[in-house]
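Enquirer: Starting off with a structure, shown below.
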Amino acid sequence: MRPPSFSYQRLSSVAEAVQMLSSTDNAKVLAGGHSLIPALNQRLSQPGTIIDIGRLNELNGVSVTGSSKLMIGALTPHAVVAASNNVRRYCSALATACGQVGDPQVRNWGTLGGNLAHADPASDPPTVVLAAGGKLHTMGPNGERMIDAADFFQGLFTTALQPDEILTAVEIPIVADRKSAYAKLAHPASRYAVVGVAVFLNTENGSCTNASVAVGGATAKPTRSAAAEQALVGTALEDAALDAAAAALTNEIQGDAVGDIYAPSEYRAAMAGAMLKKAVRAAMV
Amino acid sequence: MKVTVTVNGKRYERDIDPRMLLVHFLREELGLTGTNIGCDTSQCGACTVHLDGKSLKSCTCLAAQADGREVTTIEGLAQGDQLHPMQQAFWEKHGLQCGYCTPGMIMATTAFLKTNPHPTEEEIRHALEGNMCRCTGYQNIVAAVKTASERM
């Protein structure tokens, strides 16, 4: 397969890239290319111009700002996110999720920002960024914006990113003593998430004081589950509490779950509960 | 557009269509047909090469993205008649049957050993998740990687 014809521009700053993007019709941003190039090959995307931002080093890397924010540049490859000591320490669910994207070759070159901007419902990182209360930093012709993950993911391959905006970084709040985990039921061939669940938990004297739960794969966009969160808070996260939270999650997403020949919607909703229990247990180890 | 890519230590300058994939650049522009095209969809790993030392599926990269960078293909591993230890181990352990996936397997595993020089069998199997073989059942491939890791 070969991509359709396009013109190609490689730019050397975010400002230049934004300028080019806003003054060009039917342009697409290329980061690592691991979502865009397969889409080009299959003619799912046919841009007139490709704007390659892949070498903007200013967008690559993980840092901790003050003691309250983990900042991950949009061009940071999955393998680097997965191996980052800061990500493992402050948001281990994200390290787990990025370590399960695709395969080693994909993780070497695919980027976190590209993955989030693509918003594939079966992808792993969006679910974690949503549960973590992440914020997406963007740059456009009118300057910077910061978008809550809850507002960013809007539906199947659809985000709040405007056509003339570039995703520049992902901000994850650092919450003291917060534990997290991501558990996934992977499709046996593609390894995409049939269901993926991310949990972020705080406990005090053995009792859960705060819980954030998001599910992906089973739904058209990553989705928070208030019912599962309520079922966890105030419990000792004992088996009965996990059973109740799993049932609450299954029940809450039942109506929105997507299905296909491999995994019908009822199955995905049921497995979301199972993955929730697995994630909570992994977080509390 | 003009690109300059260093492949197996040699600099090549070519005028290409921006839509050209790296795998087509290697095979059609440079005549390096050791890199195979399998699935065309970033899954099978037959087209794996190294880009700046890291493994990459060359069907999922524009040649333009490799401009100014270094590529190593299966043709770049042996030193004259001296096979790379991974190639030698695949031969000795019979880590192939039809051989179609082999260049990709060898490029993926040589990159992997740079990050994990002494892997366990489980780690080898995990590292091969991006490379498919429809003949061997992987047993002899894993044995070959283990053997190579002991010699390198």
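Enquirer: Around A:ARG10, which amide H atoms from residues at least 5 apart in sequence, or from another chain, sit under 5 Å from its own amide H, with H modelled in the peptide plane?
Expert: Excluding prolines and chain starts, which carry no amide H, the hits are A:ASP52.
Enquirer: Something else now. To the nearest whole percent, what portion of all C-alpha pairs in the stretch B:59-152 is separated by more than 21 angstrom?
Expert: Details: 1361 of 4371 pairs.
That tail contains 31 percent of the Cα-Cα pairs.
Enquirer: While we're looking at this one, here's another question. Top mean-square fluctuation among A:ILE261, A:ILE51, A:ILE172, Gaussian network model of chain A, C-alpha springs under 10 Å?
Expert: A:ILE261
Enquirer: Taking the dipole about the Cα centre of the protein assembly as shown, with the C-beta of Lys and Arg at +1 and of Asp and Glu at -1, give me whichever of A:GLN19, A:VAL285, B:LEU77 is farthest to the positive side.
Expert: B:LEU77
Enquirer: Only helical DSSP H runs with n ≥ 4 go in: add -39500 (n - 2.57) per run for chain A, normalise by residue count and round the 222 nm mean residue ellipticity to 500 deg cm²/dmol. Display every interim value, and only then the final one.
Expert: Working: 12 runs with 99 residues, N = 285.
Result for chain A, helices only: -9500 deg cm²/dmol.
Enquirer: Where does the stretch A:197-241 land on Rg(C-alpha)/(2.2 N^0.38 Å)?
Expert: Details: Rg = 11.3 Å, N = 45, 2.2 N^0.38 = 9.3 Å.
Dividing the Cα radius of gyration by 2.2 N^0.38 Å gives 1.20.
Enquirer: A follow-up question, please. Could the peptides A:33-45, B:73-85 be put in order, highest first, of the mean number of other beta-carbon atoms found within 10 Å of their residues? It would help to have the intermediate numbers written out before the result.
Expert: Working: A:33-45: 19.5, B:73-85: 14.7.
Put in order of decreasing packing, that is A:33-45, B:73-85.
Enquirer: Let me ask something else about it. With a 1.4 Å probe on protein heavy atoms only, tell me which residues of the stretch A:36-78 lose at least 20 Å² of accessible surface in the complex relative to the chain by itself.
Expert: Hits at the 20 Å² cut-off: A:ILE37, A:PRO38, A:ASN41, A:ARG55.
Enquirer: Let me check I've understood the local charge: for B:ALA89, count other residues with C-beta under 12 angstrom from its C-beta, Lys and Arg +1, Asp and Glu -1. What total comes out?
Expert: Details: positive: B:LYS93, B:LYS146, B:ARG151; negative: B:GLU92, B:GLU150.
So the environment of B:ALA89 carries a net charge of +1.
Enquirer: Take every Cα pair under 8 Å in chain A that's 6+ residues apart, average their separations, divide by the length, and report that relative contact order as a whole percent. Show your work: numbers first, answer last.
Expert: Details: 674 pairs, mean separation 42.1, N = 285.
Reported as a whole number, the value is 15 percent.
Enquirer: What lysines could a cross-link reach from A:LYS28, if we take a straight Cα to Cα line under 30 Å and drop same-chain neighbours fewer than 8 places away?
Expert: A:LYS69, A:LYS135, A:LYS221, B:LYS2, B:LYS54, B:LYS57
Enquirer: If you wrap a convex hull around the Cα atoms of the protein assembly as shown, how much volume per residue is inside, in Å³? Don't jump to the answer; show the numbers that get you there.
Expert: On the way: hull volume 63.5 nm³, N = 437.
About 145 Å³ per residue, rounded to a whole number.
Enquirer: What list of ³J(HN,Hα) couplings, whole Hz, do you get for the stretch A:130-140 from phi and the Karplus terms 6.51, -1.76, 1.60, once you set θ to phi - 60° and write x for glycine and proline?
Expert: Result, rounded to whole Hz: 5, 5, 6, x, x, 10, 9, 8, 10, 10, x.
Enquirer: Pairing the Cα long axis of helix B:139-151 with the longest principal axis of chain B, what angle in degrees results, from 0 to 90 and rounded to the nearest 10?
Expert: Long axis of B:139-151 versus the principal axis of chain B: about 90 degrees.
Enquirer: Taking the Cβ of A:ALA279 as the center, what net charge do the other residues with Cβ under 13 Å away carry, scoring Lys and Arg +1 and Asp and Glu -1?
Expert: Working: positive: A:LYS179, A:LYS184, A:LYS277, A:LYS278, A:ARG281; negative: A:ASP124, A:GLU229.
With Lys, Arg at +1 and Asp, Glu at -1, the net is +3.
Enquirer: Quick one: with all protein chains in place, what share of the accessible area of the stretch A:60-173 is carbon or sulfur, to the nearest percent (1.4 Å probe)? Show your work: numbers first, answer last.
Expert: Details: 1940 of 4000 Å².
Heavy-atom surface of the stretch A:60-173 belonging to carbon and sulfur, 1.4 Å probe: 49 percent.
Enquirer: Let me ask you something else. Leaving ligands, DNA and RNA out of it, work out the accessible area of A:SER180 with a 1.4 Å probe and give it in Å² to the nearest 10.
Expert: The accessible area of A:SER180 comes to roughly 10 Å².
Enquirer: How big is the B/A interface in buried accessible area, both sides summed, 1.4 Å probe, to the nearest 100 Å²? Could you put the intermediate results ahead of the total?
Expert: Working: alone 8030 and 12960 Å², together 18460 Å².
Summing both sides, the interface buries roughly 2500 Å².
Enquirer: Which whole-angstrom value gives the distance between the alpha carbon centres of the stretch A:132-181 and the stretch A:17-68?
Expert: With the stretch A:132-181 and the stretch A:17-68 each reduced to a Cα centre, they are spaced 15 Å.
Enquirer: Taking every residue in A:24-35, how many Cβ atoms of other protein chains lie within 10 Å of its Cβ, on average?
Expert: Working: counts 0, 0, 0, 0, 0, 0, 3, 0, 4, 7, 5, 2.
Mean partner-chain Cβ count within 10 Å for A:24-35: 2.
Enquirer: What accessible area per residue comes out for the stretch A:236-280, rounded to a whole number of Å², with a 1.4 Å probe?
Expert: Working: 2180 Å² over 45 residues.
Value returned for the stretch A:236-280: 48 Å² of accessible area per residue.
Enquirer: Also: Taking chain A as a Gaussian network, where each spring joins two C-alpha atoms under 10 Å apart, which residue of A:GLY216, A:GLY206, A:GLY54 fluctuates the most?
Expert: Ranking A:GLY216, A:GLY206, A:GLY54 by mean-square fluctuation puts A:GLY206 first.
Enquirer: Can you pull the accessible area of A:ARG145 for me, 1.4 Å probe, Å² to the nearest 10?
Expert: 90 Å²
Enquirer: What number results when the radius of gyration of the stretch A:7-51, computed over Cα atoms, is divided by 2.2 N^0.38 Å? Mind showing how you got there, number by number?
Expert: Working: Rg = 10.6 Å, N = 45, 2.2 N^0.38 = 9.3 Å.
In units of the globular-protein estimate, the stretch A:7-51 measures up at 1.13.
Enquirer: Also, quick follow-up: With only Lys, Arg, Asp and Glu charged, each at its Cβ (+1 for the first two, -1 for the last two), find how big the charge dipole of the protein assembly as shown is about the Cα centre; round to the nearest 20 debye.
Expert: Values: 36 positive and 40 negative charges, 115 e Å.
For the protein assembly as shown, the charge dipole is close to 560 debye.
Enquirer: Right, another one. From the residues B:GLN87, B:HIS24, B:PHE112, which one has its Cα farthest along the dipole of the stretch B:1-124 in the positive direction, the dipole being from +1 and -1 charges on Cβ of Lys/Arg and Asp/Glu about the Cα centre?
Expert: Projecting each Cα onto the dipole axis, the largest value belongs to B:HIS24.
Enquirer: Can you list the lysines whose alpha carbon sits under 20 Å from that of A:LYS278, skipping same-chain ones fewer than 8 residues off?
Expert: Cα-Cα hits under 20 Å: A:LYS179, A:LYS184.
Enquirer: While we're on this one: What whole number of Å gives the distance from the Cα centroid of the stretch A:200-248 to the Cα centroid of the stretch B:94-152?
Expert: 40 Å
Enquirer: OK, next. Compute the relative contact order of the stretch B:46-152 as a whole-number percentage, counting only Cα pairs closer than 8 Å that sit 6 or more residues apart in sequence. Walk me through the numbers before you get to the answer.
Expert: Numbers: 137 pairs, mean separation 35.6, N = 107.
After rounding, I find 33 percent.
Enquirer: Still on this structure, please answer the following. Give, to the nearest whole percent, the P(r) tail of the stretch B:2-76 beyond 15 angstrom, counting all Cα pairs.
Expert: On the way: 1254 of 2775 pairs.
In whole percent, the long-distance tail amounts to 45.
Enquirer: Relative to the isolated chain, which residues of the stretch A:4-18 have their accessible area cut by 50 Å² or more in the presence of all protein chains (1.4 Å probe, heavy atoms, no ligands or nucleic acids)?
Expert: Buried by the other chains: A:PHE6, A:TYR8.
Enquirer: Express the Stokes-Einstein translational diffusion coefficient of the stretch A:12-110 in µm² s⁻¹, to the nearest whole number, given a Kirkwood radius over alpha-carbon pairs, 20 °C and a viscosity of 1.002 mPa s.
Expert: Working: Rh = 14.8 Å.
The estimated diffusion coefficient comes to 144 µm²/s.
Enquirer: Can you give the calculated 222 nm mean residue ellipticity of chain B, where each DSSP H run of n ≥ 4 adds -39,500 (n - 2.57) and the sum is split over every residue, rounded to the nearest 500 deg cm²/dmol?
Expert: Numbers: 4 runs with 42 residues, N = 152.
Here the helix-only value at 222 nm equals -8000 deg cm²/dmol.
The values are calculated or read from the model by the stated rules, or taken from the named source; none is laboratory data. Bear in mind the structure is a predicted one, so any value in this text is a computation, not a measurement. A quick note on method: Cβ atoms are made from the backbone with ideal geometry, for glycine too, and the neighbour counts reach across all protein chains shown. Note: areas computed on protein heavy atoms with side chains; ligands, DNA, RNA excluded. Shrake-Rupley method; radii C 1.70, N 1.55, O 1.52, S 1.80 Å.
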